[in-house]
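Novice: Can you read through this structure? Questions will come right after.
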Amino acid sequence: MSGAGSLIVEGLSVAYGDALALDHVSLSVRAGEVTTLIGTNGAGKTTLIRAIAGLLPIRHGQIVYDGQEITGRPSHRICDLGLGQVAEGRQVFPSLSVRENLLMGAVIPRARSLANATYAAMLELFPRLRERLTQAAGTLSGGEQQMLAIARCLMGQPRLILFDEPSLGLSPAMASEVFRIIRRLKDQGMTIILVEQNVAASLALADQAYVLETGRITLSGTGQTLLRDPRVREAYLGL
Amino acid sequence: MSLSLYAGTLSSGILTGLVYGLAAMGLSVIFGVVRLVNFAHGEMMVLGMFAAVVLAAAWGIDPLLSALPVAALLFVAGYGLQRGLLNRFIDRPDHQQFILLLGIAMILVNGLMMVFGPDARSTNVPYGFDAFFVGGITLDKTRVYAAGGALIVAAALYAFFRFSRTGIAIRACADNQLGAAVVGLDVKGLYAITFGIGSAVVGIAGCLLSLVIDVRPQLAADYTLLSFIIVIVGGLGSMGGALLGGVLIGVSEALAGVLIDPSRKQMVSYGLLILVLLVRPQGLLGKRG
């Protein structure tokens, strides 16, 4: 995978009605790096992910992906530029089979011609899915659904992946499997934005990290710096 | 009454019911995916009927053949309606959508009234009075052809949703709208295609039904209601349920016509609806919500 996939967010504000959910958020994500967002529930992490993906209307600011401005573009066009997403709650298609779920990952034009090859690669990478190809996705375990969500995202040939709480609700074994996959994607040069309630594990993976509090960025630095920061240790790591 | 009369009534009820079922399938597809209750459904069906009447009167085209151009026409109309108008109402409160579609229904039915007047018309096919004789039962040719057409279209629709990429994508939208947006599906575009398909299907059902009934604009509201009843009896979102519901309604109407009084056949449909709502509220083949 190539190194392209940088993202710059500049002064981004998003509101639900009158309530400002993001207030002039700026961050920059370098290609090939893992950028972690931490913050409590309701701080605006998922809002930020969805705004970047084009799923929410933007009140203010701009988003530049790979050198081109994508602010306000429809989500399917943004997706087709190689900006993939593994959404909170996995968001698989419960009544569709595992196979159909995977095929839907590759409906965007950029991915169609590679669909067959990537499909084979995904079954190689996630043998559990191969055993369940004709099963409805809704009948899979939480961990299997997360594998499916990741595989479905990879079917779309992304260069940047937005991960929103990928280990939430999974067993410890499954959670570390998810982190192992994210690390491997990073090693392959994928750009990653990671939102995680497991702060220690996600900071350990992070090149850059940002702390989001009630819609504003309050702290940023390298993953290692934030891991050592007393404020982060107290508020998010309970140390 | 003789047994063969019952058998004949039953079979013609089944045949007509299959066409009803096809019409209801269009409604079910639109509701299942776009979550929009198409109050103009019967009006679109009558539009299909009049298109068949005009094509038959002007060029002697068999309604079985006019089903193709009518399907194309109604697909384009339904697609345009969803793209240009309904998509803007998707996130609005339900009653606004209802009023909008009721308005469209009024415009359609009154438009037809202005152009064609209130009198009944028919497609007058050359085989209109021919029949098949099967084991003592007389089956109208028109009814058999209409039912055959309905089954073919229903099978094609099933195959489309089961196997084609667009069909699977539409099911994905119905399944999880956020998930669909996440993988880069153009949800509103797929809504427009779905409304187009639902419209085309009910237009075809209108063409087919024009073989067996006399067509008047005022029928529209009856067919909207009939489609609602069938979808609820069969189970929301179930294509097989729509066909089954259609057959049940078709049969009960036909039997009521013989046993009670043809003008009171609707009473039986509503009775069936109430019974199903009491005993199995999710519909015969519906899943519990």
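Coordinate-derived values only; no laboratory data. Please read these numbers as outputs of a predicted model, since none were measured by experiment. Cβ: placed from backbone, ideal geometry, glycine included. Neighbour counts: every protein chain shown.
Novice: What list do you get for B:TYR191, B:TYR20, B:TYR270 if you sort them by fewest beta carbons within 10 Å? Walk me through the numbers on the way to the answer.
Specialist: Working: B:TYR191 24, B:TYR20 29, B:TYR270 11.
Ranking B:TYR191, B:TYR20, B:TYR270 by Cβ neighbours within 10 Å, fewest first, gives B:TYR270, B:TYR191, B:TYR20.
Novice: Would you list B:ILE61, B:ILE99 from fewest to most Cβ contacts within 10 Å? Don't skip to the end; give the middle numbers.
Specialist: Values: B:ILE61 17, B:ILE99 12.
Sorted ascending by nearby Cβ count, the order is B:ILE99, B:ILE61.
Novice: What is the dipole size for the range A:1-132, taken about its Cα centre, with +1 at each Lys and Arg Cβ and -1 at each Asp and Glu Cβ, in debye to the nearest 20?
Specialist: Numbers: 13 positive and 11 negative charges, 84 e Å.
Dipole magnitude for the range A:1-132 comes out near 400 debye.
Novice: Which of B:GLY245, B:ILE197, B:SER263 sits farthest toward the positive end of the charge dipole of the range B:3-279, with +1 on the Cβ of Lys and Arg and -1 on the Cβ of Asp and Glu?
Specialist: Value: B:ILE197.
Novice: In debye, nearest 20: dipole of chain A around its Cα centre with unit charges on the Cβ of K, R (+) and D, E (-)?
Specialist: Using only the charged Cβ atoms, the result is roughly 440 debye.
Novice: Further question: I want the antiparallel fraction of DSSP beta bridges within the protein assembly as shown, as a percent rounded to 5.
Specialist: Values: 26 of 43 bridges.
Close to 60 percent.
Novice: Now, a different point. Which listed residue (B:ALA220, B:LEU208, B:GLY286) has the Cα farthest towards the positive end of the charge dipole for the protein assembly as shown, taking +1 on Lys and Arg C-beta and -1 on Asp and Glu C-beta about the Cα centre?
Specialist: B:GLY286
Novice: Give me the distance between the Cα centres of the range B:237-289 and the range A:164-191, rounded to whole Å.
Specialist: About 52 Å separates the Cα centre of the range B:237-289 from the one of the range A:164-191.
Novice: Hey, what angle do you get for helix A:172-187 against the long axis of chain A, alpha-carbon based, 0 to 90 degrees rounded to 10?
Specialist: Once rounded, one gets 80 degrees.
Novice: Also, quick follow-up: How far is it, in nm, from the label point at B:ALA72 to the one at B:LEU277 when both lie 7 Å from their Cα along the line to the Cβ?
Specialist: Placing both labels 7 Å along Cα→Cβ, they lie 4.2 nm apart.
Novice: 7 Å from Cα along Cα→Cβ at both A:GLN62 and A:GLN224: what's the point-to-point distance in nm?
Specialist: 3.5 nm
Novice: Please report the antiparallel percentage of the DSSP beta bridges confined to the range A:71-200, to the nearest 5. Mind dumping the intermediate values first?
Specialist: Details: 1 of 10 bridges.
Percent antiparallel among DSSP bridges in the range A:71-200 is about 10.
Novice: Now, a different point. Run the reach check for B:LYS287 against aspartates and glutamates, Cα to Cα strictly under 15 Å, same-chain hits fewer than 8 apart removed. What comes back?
Specialist: Cross-link targets: B:ASP175.
Novice: Continuing with this model, one more query. Residues of the range B:30-51 with amide nitrogen under 20 Å from the 7 Å Cα-to-Cβ point of B:ILE107?
Specialist: Backbone N within reach: B:36-51.
Novice: Show me the helices of chain B, taken as full DSSP H stretches, that run 20 Å or more along their long axis by Cα and average -0.5 or above in Kyte-Doolittle hydropathy.
Specialist: Numbers: long enough: B:3-34 (45 Å, 1.65); B:41-59 (27 Å, 1.54); B:63-84 (30 Å, 1.21); B:94-116 (33 Å, 1.57); B:141-163 (33 Å, 1.07); B:187-209 (33 Å, 1.72); B:219-234 (22 Å, 2.06); B:239-259 (30 Å, 1.75); B:265-279 (22 Å, 1.87).
Those that clear 20 Å and a mean of -0.5 are B:3-34, B:41-59, B:63-84, B:94-116, B:141-163, B:187-209, B:219-234, B:239-259, B:265-279.
Novice: Using only Cα atoms, find the angle between the long axis of helix A:142-155 and the longest principal axis of chain A, and express it within 0 to 90 degrees, rounded to the nearest 10.
Specialist: Orientation of helix A:142-155: about 90 degrees from the principal axis.
Novice: Once you order the gyration tensor axes a ≥ b ≥ c over the Cα atoms, which shape class does the range B:121-170 get: rounded for a/c under 1.5, otherwise prolate or oblate by comparing a/b with b/c? Intermediate results must be reported in sequence, preceding the final value.
Specialist: Details: a/c = 5.93, a/b = 2.32, b/c = 2.55.
Oblate.
Novice: Something else about it: If you take every DSSP beta bridge whose two residues both sit in the range A:147-231, what share of them, in percent to the nearest 5, is antiparallel? Can you show the working numbers first?
Specialist: Working: 6 of 11 bridges.
The antiparallel fraction comes to roughly 55 percent.
Novice: If you don't mind, another one. When the Cα atoms of chain B are enclosed in a convex hull and the volume is divided per residue, what value in Å³ results? Please report the intermediate quantities before stating the final value.
Specialist: Working: hull volume 38.8 nm³, N = 289.
With only Cα atoms used, chain B gives 134 Å³ per residue.
Novice: Using the 10 angstrom Cβ neighbour count as an exposure proxy, how do A:HIS76, A:HIS60 rank, fewest first?
Specialist: Details: A:HIS76 21, A:HIS60 16.
So the ranking, lowest neighbour count to highest, is A:HIS60, A:HIS76.
Novice: What is the dipole size for the protein assembly as shown, taken about its Cα centre, with +1 at each Lys and Arg Cβ and -1 at each Asp and Glu Cβ, in debye to the nearest 20?
Specialist: Details: 40 positive and 34 negative charges, 119 e Å.
Using only the charged Cβ atoms, the result is roughly 580 debye.
Novice: Let me ask another. Kirkwood hydrodynamic radius, computed over distinct alpha-carbon pairs, for the range B:1-117: how many Å, to one decimal?
Specialist: Values: mean 1/r = 0.0614 Å⁻¹.
It works out to 16.3 Å.
Novice: If the reach is capped at under 30 angstrom between alpha carbons, list the lysines near B:LYS141, excluding any in the same chain fewer than eight residues apart.
Specialist: Here the lysines satisfying the reach criterion relative to B:LYS141 are B:LYS265.
Novice: So what is the relative contact order of chain A, in percent, for Cα pairs below 8 Å that sit 6 or more residues apart?
Specialist: Details: 495 pairs, mean separation 67.3, N = 239.
Once divided by the residue count of chain A, the mean separation gives 28 percent.
Novice: Another one. Picking from B:VAL53, B:GLY136, B:HIS41, whose Cα lies most toward the positive end of the charge dipole for chain B (charges on Cβ: Lys, Arg +1; Asp, Glu -1)?
Specialist: The residue sitting farthest along the positive end of the dipole is B:HIS41.
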